[in-house]
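The values are calculated or read from the model by the stated rules, or taken from the named source; none is laboratory data. From a predicted model like this one, the values you see are computed outputs, not experimental measurements. Here the Cβ is made from the backbone with ideal geometry for all residues, glycine too, and neighbour counts use every protein chain on show.
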Amino acid sequence: MQDLVQLAPPVSQGQAAPETGPLIDTFDRVHDNLRISVTDRCNIRCFYCMPERGGEFAPVSQLLSFPEIMRFLAAAMPLGIQKVRLTGGEPLLRPKLPDLIAQIAEMPGVHDVALTTNAVLLERMAKPLYNAGLRRLNVHLDTLDRERFRQITRRDDLPRVLAGIETALEAGFRSIKLNAVAIRGVTEPDVVPLARFARDRNIEIRYIEFMPLDAQHLWSRDRVLLADEMIKTLSAAFGPLTPVPDPDPRAPATEYQYADGSVRVGFIASVSRPFCLNCNRLRLTADGKLRYCLFAREETDVRPLLAAGAGEAELERAIRSTVWKKWAGHQIDSPLFAAPNRPMYSIGG
Ligand code: SAM
Ligand code: SF4
């Protein structure tokens with residue numbers, strides 16, 4: 001276990017955030033990756049994210065408008081943000097999302113715009129998204145079993161999700177990744193069929209260890225299906241997996257190659273192999289709160305700044321000072337760990 005004093009930044013030792021240069025924190029981590037949530041609503045209710053009924057949602061009037069998101073980006077991009085991912089809640093619920101994607105894709109300096117979706121609405125949205133300039137999609141799929149999908153998501157939408165994936169492939173998306181949350185006692189039977197589904201379509205799948213970000217506080221460490229266990233299961237089914245030397249050590253997934261050289265498989269092992277020390281991510285919630293970590297217990301409200309017409313310099317100061325406060329890491333294994341007061345759907349995964 002890491003030393004608990006590392007929870008806090010070494011800061012801050014009185015120093016203010018740098019006013020120029022890359023977007024660094026006090027651990028010298030450079031931030032170039034921004035996740036923007038465009039809504040906290042969702043059309044399904046995965047038990048590891050949403051409550052079965054109800055939930056706290058920001059009033060629609062408090063969601064950042066597209067012009068506000070674009071103004072935020074205009075301030076963030078010159079600080080070195082290169083990758084932008086739109087997420088939610090379910091981002092495809094946000095009206096006119098392709099318009100936002102088109103604007104972001106056209107911004108000078110944006111090297112990469114991606115979207116994470118549950119794919120329920122993808123069948124009709126894939127083509128408009130592609131035409132807007134989106135090229136990278138992460139599709140969330142935990143199981144190919146209709147009954148288990150219903151148990152996990154409390155909705156019977158597996159056929160729509162599968163149709164959405166096929167439509168996205170037909171629409172021209174070449175970079176699709178699957179995200180599968182791995183939960184002990186629930187998804188063990190899905191590990192191999194999902195891998196086969198992905199291999200058959202030449203799609204990379206990433207298994208994500210269950211994190212303590214669920215609205216109903218059902219998480220416990222013994223409910224996490226660990227990356228090492230899944231690697232054993234997949235090796236038994238398809239031959240030994242070999243780790244791929246990582247071209248980008250800051251990417252959260254550790255990647256493996258199958259023995260037959262087919263498409264890779266990844267593991268986002270946030271619990272068993274935390275990657276905080278390489279973290280380059282910053283998050284903007286749908287209601288305009290800037291967060292330096294999924295698990296952060298503090299955030300910066302940039303909505304009032306945007307609403308008041310703040311200029312790029314003021315927004316830059318807010319962004320730099322938020323990153324400067326970033327802690328060493330989430331420390332899920334520490335007795336001091338406390339889940340944030342926002343669940344995953346409200347932060348943006
Ligand atoms: N609704 C979209 C989706 O499901 O892809 C985008 C938002 S969702 C919050 C983003 C990702 O977070 C999904 O891939 C989902 O699998 C993952 N996720 C949600 N809750 C999680 C949890 N408690 N632990 C690990 N991953 C989780
Ligand atoms: Fe919705 Fe995504 Fe959360 Fe599932 S993980 S409830 S699809 S926001």
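Of all residue pairs spaced 6 or more apart or on separate chains, those with beta-carbon atoms under 8 Å, a first member in the stretch 34-56 that is over 12 Å from residue 348 (Cα atoms) and a second member that is more than 7 Å from ligand 2 (Cβ to nearest atom) and hydroxyl-bearing (Ser, Thr, Tyr) are 56/346. Of the residues 249, 193, which is under 28 Å from residue 347 (Cβ atoms), surrounded by fewer than 16 Cβ atoms within 10 Å (Cβ to Cβ) and away from ligand 1 (no atom under 16 Å from the Cβ)? On inspection, the qualifying residue turns out to be 249.
Among 237, 180, 195, which is closer than 26 Å to residue 293 by Cα and either under 22 Å from the mean Cα position of the chain (by Cα) or not charged (D, E, K, R) (or both)? The conditions single out 180. Restricting 206, 184 to residues that are among the basic types (Lys, Arg) and more than 24 Å from residue 164 (Cβ to Cβ) narrows the list to 184.
Inspection of the stretch 187-208 identifies no residue that is under 20 Å from residue 51 (Cα atoms) and either at pLDDT below 95 or of a type in the set (Gly, Ala, Ser) (or both).
Scanning the stretch 218-246 for residues that are of a type outside the set (Ser, Thr, Tyr) and in a strand (DSSP E or B) turns up 224, 243.
Taking only the stretch 95-121 into account, find how many residues are surrounded by 17 or more Cβ atoms within 10 Å (Cβ to Cβ) and either without any contact (Cβ under 8 Å) to a residue 24 or more places away in the chain or within 10 Å of ligand 1 (Cβ to nearest atom) (or both). Qualifying residue count for the region: 6. Of the residues 248, 287, the single one that is among the acidic types (Asp, Glu) and within 16 Å of ligand 2 (Cβ to nearest atom) is 287. Against the definition (away from ligand 1 (no atom under 16 Å from the Cβ) and more than 30 Å from residue 127 (Cβ to Cβ)), how does residue 78 come out, yes or no? Against the criterion (away from ligand 1 (no atom under 16 Å from the Cβ) and more than 30 Å from residue 127 (Cβ to Cβ)), residue 78 qualifies. Filtered by the rule that a residue be more than 30 Å from residue 218 (Cβ to Cβ) and either of a type in the set (Ser, Thr, Tyr) or at pLDDT below 90 (or both), the stretch 17-54 gives 20, 26.
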